[in-house]
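For reference, the structure is listed below as structure tokens.
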Amino acid sequence: MLPNTGKLAGCTVFITGASRGIGKAIALKAAKDGANIVIAAKTAQAHPKLAGTIYSAAEEIKAAGGKALPCVVDVRDEQQISSAVEKAVEKFGGIDILVNNASAISLTNTLETPTKKVDLMMNINTRGTYLTSKACIPYLKKSKIAHILNLSPPLNLNPLWFKQHCAYTIAKYGMSMCVLGMAEEFKGEIAVNALWPKTAIYTAAMDMLGGSGIESQCRKVDIIADAAYCIFKKPKSYTGNFIIDENILKEEGIKNFDVYAITPGHPLLPDFFLDEQPVTVTKKPETHELKEEEAQPPQKPRSGAVEGTFRIVKDSLSDDIVKATQAIYQFELSGEDGGTWFLDLKSKGGNVGYGEPSDRADVVMSMSTDDFVKMFSGKLKPTIAFMSGRLKIKGNMALAIKLEKLMNQMNARL
């Protein structure tokens with residue numbers, strides 16, 4: 001991992017959402033240099049499901065060698081932001097670095113995203129980043145270091161990234177557009193950059209999205225902390241960049257990335273907004289007209305790999321799996337053994353079958369029968385299939401991610 005150089009000693013770093021996860025990891029990395037950390041986050045009291053408060057984070061920062069100022073800040077509240085900035089300047093004499101890390105996520109499509117969730121994401125991600133930057137900029141202008149770092153993705157206009165979770169993408173891209181605009185506006189005065197992971201990072205949010213077992217496909221938060229530290233060491237002229245964690249660390253000479261893996265050697269989930277296979281992803285599917293008799297779905301499935309897979313899936317079902325999943329999946333399969341199939345993980349004991357489910361599906365997945373069998377046998381990762389365009393998903397993306405856990409449990413039998 002990247003060694004500390006002591007370059008942030010005495011610097012004041014204002015971090016939103018720093019009570020846990022990536023924000024706290026960046027704070028602890030800077031604290032080892034003897035930096036002053038302003039923990040601007042909502043969590044003053046322990047959450048029943050999420051570890052860490054601004055006060056427990058402050059204790060860890062002090063133990064690591066830094067100074068800490070815990071501030072209750074909901075970035076949707078302009079007054080709370082202003083108050084925290086004033087306290088930081090009063091206590092530490094200024095602000096040298098701002099990290100806009102606070103974020104909200106809901107991987108749901110347009111019709112299934114409540115207005116309350118839309119507002120939450122827009123107000124925390126885009127508006128919160130904008131307002132916190134605005135409040136800190138007068139003090140950052142006076143700093144010799146002067147960095148704003150937004151935890152947001154490169155602006156990738158591939159429709160794939162808008163299709164399944166339009167509101168979330170808009171909200172995250174709002175943070176990235178702040179980088180685009182402010183880097184130009186404050187060129188020569190403040191470095192403004194974005195940082196994004198190449199692979200999934202294991203945090204409480206990832207745990208809730210992917211369920212238990214997802215961690216083996218993730219990297220530790222340390223990789224983001226090390227990448228952020230690289231950026232903070234760079235001059236003000238290093239601005240307007242959309243940086244991927246692995247890329248900047250390779251530039252620093254890091255070769256062994258296994259140290260960042262939760263489970264070294266295990267395949268990793270690529271993160272959102274990065275086209276791992278851009279040629280495949282953006283290629284439009286070939287179309288051809290079907291003759292009337294070809295367009296009719298088969299009346300009954302033939303025996304084969306798909307039916308065999310579903311038979312094993314059915315034998316593997318239990319009340320515990322149903323209770324943990326609570327979703328109905330519909331599969332639209334093309335090729336031999338194709339047609340419509342379903343996996344009902346809402347009804348008692350669960351059920352599978354040919355045809356449409358009795359209740360409306362939460363997730364509809366379209367793919368070839370070959371890819372379906374490969375996915376359930378562990379030979380094709382659903383995320384890779386989705387990102388390369390081989391798997392189309394409609395419905396609740398969080399529930400789609402949950403299905404991967406179930407597939408992993410069945411791999412040994414398939």
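The values are calculated or read from the model by the stated rules, or taken from the named source; none is laboratory data. Predicted model, so just to flag it, every value in this text is computed and none were measured. Neighbour counts run over all protein chains shown; Cβ positions are idealised from the backbone, glycine included. When the accessible area is computed, the model is the full protein with side chains, heavy atoms only, and any ligands, DNA or RNA have been set aside. Shrake-Rupley method; radii C 1.70, N 1.55, O 1.52, S 1.80 Å.
So the values come out like this:
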| item | result |
| --- | --- |
| Of residues in region 260-293 being part of a helix (DSSP H, G or I) and modelled with pLDDT under 95, the one surrounded by the most Cβ atoms within 10 Å (Cβ to Cβ) | 281 |
| Residue ID - modelled with the lowest pLDDT, chosen from residues in region 38-55 that are out of contact with any Pro (no Cβ under 9 Å at 6 or more places or on another chain) and within 18 Å of residue 221 (Cα to Cα) | 50 |
| Residue among 34, 52, 23, 10 that is in a helix (DSSP H, G or I) and open to solvent by less than 70 Å² (accessible area, probe 1.4 Å) | 23 |
| Unmet requirement for residue 356, which otherwise passes all of (1) without any contact (Cβ under 8 Å) to a residue 40 or more places away in the chain; (2) within 30 Å of residue 158 (Cα to Cα); (3) open to solvent by 30 Å² or more (accessible area, probe 1.4 Å) | (2) |
| Residue that is nearest to residue 203 (Cα to Cα) [pool: residues in region 37-49 that are of a type in the set (Gly, Ala, Ser) and either open to solvent by 30 Å² or more (accessible area, probe 1.4 Å) or free of Cβ contacts under 8 Å to residues at least 40 places away in the same chain (or both)] | 46 |
| Number of positions in region 366-382 that are under 15 Å from residue 406 (Cα atoms) and not in a helix (DSSP H, G or I) | 5 |
| Pairs with Cβ under 7 Å, 6+ apart, first in region 254-271 and touching a residue at least 60 places away in the same chain (Cβ under 8 Å), second part of a loop (DSSP other than H, G, I, E, B) and hydroxyl-bearing (Ser, Thr, Tyr) | 262/202 |
| Matching residues, region 155-183, being assigned to a helix (DSSP H, G or I), touching a residue at least 60 places away in the same chain (Cβ under 8 Å) and either within 18 Å of the chain's Cα centre (by Cα) or closer than 20 Å to residue 87 by Cβ (or both) | 160, 161, 167, 168, 169, 171, 172, 175, 176 |
| First in region 390-407 and among the charged types (D, E, K, R), second anywhere and in a loop (DSSP other than H, G, I, E, B), Cβ under 6 Å, 6 or more apart | 402/211; 405/211; 405/213 |
| Neighbours by Cβ (under 7 Å, 6+ apart or cross-chain): first from region 295-322, open to solvent by 40 Å² or more (accessible area, probe 1.4 Å); second modelled with pLDDT under 85 | 302/337; 305/337; 307/301; 307/337; 312/410; 312/413; 312/414 |
| Residues of region 323-335 that turn out to be touching a helix residue (DSSP H, G or I) at 6+ places or on another chain (Cβ under 6 Å) and either outside any strand (DSSP E or B) or without any contact (Cβ under 8 Å) to a residue 12 or more places away in the chain (or both), as a count | 2 |
| Conditions (1) closer than 16 Å to residue 313 by Cα; (2) part of a loop (DSSP other than H, G, I, E, B); (3) modelled with pLDDT of 90 or more; number of the one not met by residue 356 | (1) |
| Filter pass, residue 385 being of a type in the set (Gly, Ala, Ser), over 18 Å from residue 311 (Cβ atoms), in a loop (DSSP other than H, G, I, E, B) and open to solvent by less than 30 Å² (accessible area, probe 1.4 Å) | no |
| Matching residues, region 90-112, being in contact with a Ser or Thr (Cβ under 6 Å, 6 or more places away or on another chain) and of a type outside the set (Gly, Ala, Ser) | 92, 95, 96, 100, 101 |
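Residues are listed down the side, and each one gets a yes or a no for (1) at pLDDT 95 or above; (2) more than 22 Å from residue 78 (Cβ to Cβ); (3) part of a helix (DSSP H, G or I):
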{"site": "99", "(1), (2), (3)": "yes, no, no"}
{"site": "102", "(1), (2), (3)": "yes, no, no"}
{"site": "106", "(1), (2), (3)": "no, yes, no"}
{"site": "128", "(1), (2), (3)": "yes, no, yes"}
{"site": "131", "(1), (2), (3)": "yes, no, yes"}
{"site": "135", "(1), (2), (3)": "yes, no, yes"}
{"site": "143", "(1), (2), (3)": "yes, yes, no"}
{"site": "149", "(1), (2), (3)": "yes, no, no"}
{"site": "153", "(1), (2), (3)": "yes, yes, no"}
